[in-house]
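**Student:** This is the structure I have questions about; it appears just below.
Read the figures in this text as sums done on the coordinates, not as results from a lab. Just so it is clear, the model here is predicted, and its values are computed rather than measured. Backbone-built Cβ (ideal geometry, glycine too); neighbour counts: all protein chains shown.
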Amino acid sequence: METADRLVPALELRGISKKFGRVTALEGVDLTARSGEILAIVGDNGAGKSTLIKAISGIYRPDDGEILVDGQSSTFTSPADARAAGIATVFQDLALVECLDVSTNMFIGQLPKKGWFVDRKRMDAESRRFLDELKVTVADVHTQIGMLSGGQRQIIAIARAVRAGARTVLLDEPTAALGVRETKHAADIITALREAGNAVIVVSHDIEFVFAFADRIQVMRLGRVAGVRKTAETTREEIISLITGTKQEATA
């Protein structure tokens, strides 16, 4: 039997709208992300996916609507506010510093101190332990980010978000630039996040990936929610028809 805490969404959006001048990027968007679930957000270019992610992560402030974290109404005026609320976003550009090593990237913004100095020993040990737990194949945490593969960088970015204490993780096109093997590794990490009780939101154009790993699929079209489906109860054809607008029925 589910507990009351399990029934309260980790993240909920109600009637989110955002305009840029005369352009309406989002209109009346609802979203529910639950702990221990992967929610995929799909849609064509211009559907509003990027604006939605930026509204959740504190980059944009919605014009209308409400954001609730664990059932509590929240206002984000900056990405720091979203992070403080337990929401971490891994954008497609990853925001890693290529000239710095893995360990330093893992702790950017939260460098541990020992007196006046950075506690490098602690930082390296915690980075190594955390990456080992996630089965990230990086031989040396002193390796510069620029020397890593695309898949390794993606997983480092995800690991950094989780290490910072995020309970809701937003991933923007996490497999877009990855090969088959790296995509599988990224998928394993995402699945592990779900199994650890995190709410995971994945923006993706990869329909095969979405159907393989997502629990629910939310389709965006022209700034609105075109439909929400349980993955096990829909088909690729239905999702594509919602994306293209040949089917315009929205259900929660």
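**Student:** Tell me the relative contact order for the chain as a rounded percent, counting alpha carbon contacts under 8 Å between residues six or more apart.
**Tutor:** On the way: 480 pairs, mean separation 65.1, N = 252.
About 26 percent, as a whole number.
**Student:** Moving on. Which cross-chain or sequence-distant (5 or more) residues have an amide H under 5 Å from the amide H of Leu11, H modelled 1.01 Å from N in plane?
**Tutor:** Ala33, Asp70
**Student:** Quick one: what are the phi-derived ³J(HN,Hα) couplings along the stretch 60-71, Karplus 6.51/-1.76/1.60 with θ = phi - 60°, whole Hz, x for glycine and proline?
**Tutor:** 10, 9, x, 6, 9, x, 9, 10, 10, 10, 6, x
**Student:** To two decimal places, what compactness ratio does the stretch 39-94 give when its Cα radius of gyration is scaled by 2.2 N^0.38 Å?
**Tutor:** Compared with the compact-globule rule of thumb, the stretch 39-94 sits at 1.15.
**Student:** In addition: Enumerate the calculated ³J(HN,Hα) couplings along the stretch 23-39 in order (Karplus 6.51 cos²θ - 1.76 cosθ + 1.60, θ = phi - 60°), each rounded to whole Hz, writing x wherever the residue is Gly or Pro.
**Tutor:** Here the 3J(HN,Hα) series is 8, 8, 8, 9, 9, x, 7, 9, 7, 10, 10, 10, 4, x, 9, 10, 9 Hz.
**Student:** Across the chain, how many lysine pairs separated by 8 or more positions, or lying on different chains, have Cα atoms within less than 24 Å?
**Tutor:** Close lysine pairs under the 24 Å cut-off: 12.
**Student:** Nothing charged except the Cβ atoms of Lys and Arg (+1) and of Asp and Glu (-1): what's the magnitude of the dipole of the chain about its Cα centre? Round to the nearest 20 debye.
**Tutor:** Values: 32 positive and 33 negative charges, 103 e Å.
Here the size comes out at about 500 debye.
**Student:** On the first, second and third principal axes, largest extent first, how far apart are the outermost C-alpha atoms of the stretch 48-167 in Å?
**Tutor:** 47, 35, 24
**Student:** While we're here: How big is the stretch 3-51 on each of its three principal axes, counting only the C-alpha atoms and giving the largest first in Å?
**Tutor:** 44, 19, 11
**Student:** Taking the inverse of the average 1/r across all pairs of different Cα atoms in the stretch 121-160, what Kirkwood radius in Å do you get? Kindly include the intermediate steps, with their values, before the conclusion.
**Tutor:** Working: mean 1/r = 0.0975 Å⁻¹.
Mean inverse Cα-Cα distance, inverted, gives 10.3 Å.
**Student:** Can I ask one more? Helix-derived [θ] at 222 nm for the chain: sum -39500 (n - 2.57) over DSSP H runs of at least 4, divide by residue count, nearest 500?
**Tutor:** The helix contribution divided over the chain gives -9500 deg cm²/dmol.
**Student:** May I ask for the Rg/Rh ratio of the chain, computed from Cα atoms with Rh as the Kirkwood radius, given to two decimals?
**Tutor:** Reported Rg/Rh (Cα atoms, Kirkwood Rh): 0.98.
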